Structures are given as C-alpha cells and as structure tokens.
Amino acid sequence: EVAVIGSVNLDLVARVRAFPRPGETVTDATLDRHPGGKGGNQAIAIRRLGANVRLVACVGNDSTADEALAGLAREGVILDHVQRIDGAATGTAMIAVDGNGENQIVVAPGANRLFTPERLVLPACDVVIAQLEVPMDTLEAAARAHPGFFCLNAAPARPVSPALLADVDLLVVNEIEAEAIGPNLDNFNGWLAVTYGASGAELMRHGNWVASSDAPRVDAIDTVGAGDAFTAALAFGLGSGQSPDVALNRACTAGALATTRAGAQSSPTLEALEQFLAR
Ligand code: ADP
C-alpha cells in the first residue's frame, strides 16, 4: 500500500512557432490538454509498477478537476483522499513549447496551494511519497505522522526545511535540486539518491556511497517524466525490501524507459520494465 501526497494539475500545452514577446500576440498555436502535477504523475508511475496507490491531494470543485482526475481513475489510482475545495481552482500549468522544443511554463497552483496541514488526512499505508508542489508544513506533518517509509522527491528545486528532512527516509534529487537544498543535505540521515540524467544515478547514506547505476542507452525523445518514473521505482523498491543495487538499477531503467515516450505520464508498466531488464 502506497500513498502519494502531492499536486494535481491540468497541463495546457500550446505549441507555437516562436514565443510571443511581452505585449505580443501569436495566433498559430495548437493546444493539447494533459492531466499532470507531480503528485498525480508519481501516483500513476507507482500504480503501473503494480502497487495499490492512494492519492492524497486537493483540487477545486470545477470541471478542470474532473478532467485532471479522469486519467488517474482510469489507471486505477484510489481517489477517496482527494478533497474538492469549493471556490478554488484546480491547479493548472500553462506550457508554451516553441519550434526548437524550448518551453515556457506558468503554473497557477490553485487548490494545491490550499492543501494546508488542517486538510491532511493520512491513510494507513506502508510507503508515502511526496514532492514539493504542496505546502511544506503539510509535508512536515505527514512525515512526522507516518510511521513507515517516507520518500521525498525534492522537486521542483527549492530549499527543504530541516524539520521535514529529519523525518525523510529516502530523498530523491537531481543535481539542481541538491544545490537548492544546500548545506542541510550534509546532515541528512536517510538514503540520498542523486540522478544524473542519461548518466544514471547514485545512492548514498550518511555521506557514504552505497550504490551507483548507469542508465541504459535508449532513444530518448522526451525526458519529461523521467524523474517521476525513477522516484516511483526507487521508493517502491527500497520500501518493499529490494537491495539498494537492485532498486537503483530498476529505477534507472524505469527513468530511461520514460524518456522513450512523450509526455509527463510516460512511466513504464512492471511488465515493460521486466521485459526490458530481461533482454
Ligand atoms: P529529472 O527529470 O528529475 O531531472 P533525470 O533527468 O536525472 O531526472 O532523470 C532521472 C533518471 O531517468 C536518470 O537517473 C536516468 O536513469 C533516467 N534518464 C533520464 N534521462 C535519460 C536519458 N536521456 N537516457 C537514459 N536515461 C535517462
């Protein structure tokens, strides 16, 4: 049993030839709508690995929520701990992608930002996974209250409070996120996983090296979602007793496979992961 505490967004992706300058209008965009938010994305990633997953999140009482939650329901993520807040807007990310594949992103967190500690109801579960798209004090309360394994993916990059770090068993960061945490990382006592994109990842504990793994070579078409797939596989693996070597290798493979598919909800199923590892 896994609970994911985090954000739910609707991603509105506009593709344009060139970004507008301030004050300018461009009218050549095509629009796609995808469910997103790191909470939702990681819930799907873990669900695809075969776990029972409950999402603990806040959305608005609006049609955006229906759209954002439909994909989660279809994947089999349990939504009975998703609260609808009257009068709030469901989190929305407005993403513009230009002809060179560069992006500009504006996020309106809406209900995700209203997910205060008073709204937190933590279900009984073995493993909790969280990210930094909901308020820090809510995560602190969750980590304090959860007796089992607590994983924090410290994304997007921002400082993490020492109170939260003290209750984290597994911290997953890329190099930019590690830098944003700064010197507090030196006192961190749990497992620390640092990802290096196509170069794989390392696992450390108390400042000591535990394991490292290359990422398999793949035809990467879209690296969005790699970190979510990696975090899900590593937290699920370490939380369910896999050895550090095995869990890290599987996580790197899951991250790599996610880059071979477009979009944020691109993580592999257990079957696809096993099949790739057995090749
Ligand atoms: P984030 O998306 O959070 O920045 P990374 O880019 O470091 O995270 O990716 C997480 C993991 O996904 C890496 O450790 C690696 O295993 C895998 N990965 C990411 N990019 C590639 C790539 N281009 N080729 C192969 N594996 C990749």
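Here is how the numbers come out for the structure above:
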{"item": "Those residues of the range 165-194 which are over 20 Å from PHE149 (Cα atoms) and either within 8 Å of the ligand (Cβ to nearest atom) or within 18 Å of the chain's Cα centre (by Cα) (or both), in sequence order", "result": "ASN174, GLU175, ILE176, GLU177, ALA178, ALA180, ILE181"}
{"item": "Qualifying residue in the range 91-107 (condition: farther than 30 Å from VAL218 by Cα, part of a loop (DSSP other than H, G, I, E, B) and in contact (Cβ under 8 Å) with a residue 60 or more places away in the chain)", "result": "no"}
{"item": "Any hit, the range 8-28, residues being under 16 Å from ALA93 (Cα atoms), under 13 Å from the mean Cα position of the chain (by Cα) and not basic (Lys, Arg)", "result": "yes"}
{"item": "Single residue of ASP228, ASP222, ASP245, ASP214 found to be farther than 23 Å from PHE150 by Cα and either surrounded by 16 or more Cβ atoms within 10 Å (Cβ to Cβ) or over 20 Å from the mean Cα position of the chain (by Cα) (or both)", "result": "ASP214"}
{"item": "Of all residues making up the range 195-208, the number that are part of a strand (DSSP E or B) and within 16 Å of the ligand (Cβ to nearest atom)", "result": "5"}
{"item": "Extreme residue, farthest from the chain's Cα centre (by Cα), among residues of the range 62-83 that are surrounded by 15 or more Cβ atoms within 10 Å (Cβ to Cβ) and not hydrophobic (A, V, I, L, M, F, W, C)", "result": "ASP62"}
{"item": "Filtered residue count, the range 115-141, keeping only those that are among the aliphatic types (A, V, I, L, M) and buried (at least 19 other Cβ atoms within 10 Å of the Cβ)", "result": "9"}
{"item": "Any pair with Cβ under 6 angstrom, 6 or more apart, that starts in the range 47-75 at a residue that is over 21 Å from THR138 (Cβ atoms) and ends at one that is among the acidic types (Asp, Glu)", "result": "ARG47/GLU75; ASN52/GLU1"}
{"item": "Top-ranked residue in the range 142-159 [being surrounded by 20 or more Cβ atoms within 10 Å (Cβ to Cβ), outside any loop (DSSP other than H, G, I, E, B) and free of Cβ contacts under 8 Å to residues at least 40 places away in the same chain; ranked as nearest to the ligand (Cβ to nearest atom)]", "result": "LEU152"}
{"item": "Pairs with Cβ under 9 Å, 6+ apart, first in the range 235-250 and under 15 Å from ALA215 (Cβ atoms), second among the basic types (Lys, Arg) and exposed (fewer than 14 other Cβ atoms within 10 Å of the Cβ)", "result": "none"}
{"item": "Looking only at the range 261-272, and only at residues there that are of a type outside the set (A, V, I, L, M, F, W, C) and buried (at least 16 other Cβ atoms within 10 Å of the Cβ), the one that is modelled with the lowest pLDDT", "result": "GLY263"}
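Matching residues to (1) on the phi < 0 side of the Ramachandran plot; (2) touching a residue at least 40 places away in the same chain (Cβ under 8 Å); (3) assigned to a strand (DSSP E or B); (4) charged (D, E, K, R):
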| position | (1), (2), (3), (4) |
| --- | --- |
| ALA163 | yes, no, no, no |
| VAL168 | yes, no, no, no |
| ILE176 | yes, no, no, no |
| GLY182 | no, no, no, no |
| ALA193 | yes, yes, yes, no |
| ALA233 | yes, yes, no, no |
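The values are calculated or read from the model by the stated rules, or taken from the named source; none is laboratory data. Keep in mind that what you see is a predicted model, and the values were worked out from it rather than measured. Ideal geometry is used to build each Cβ from the backbone, glycine not excepted, and the neighbour counts take in all protein chains shown.
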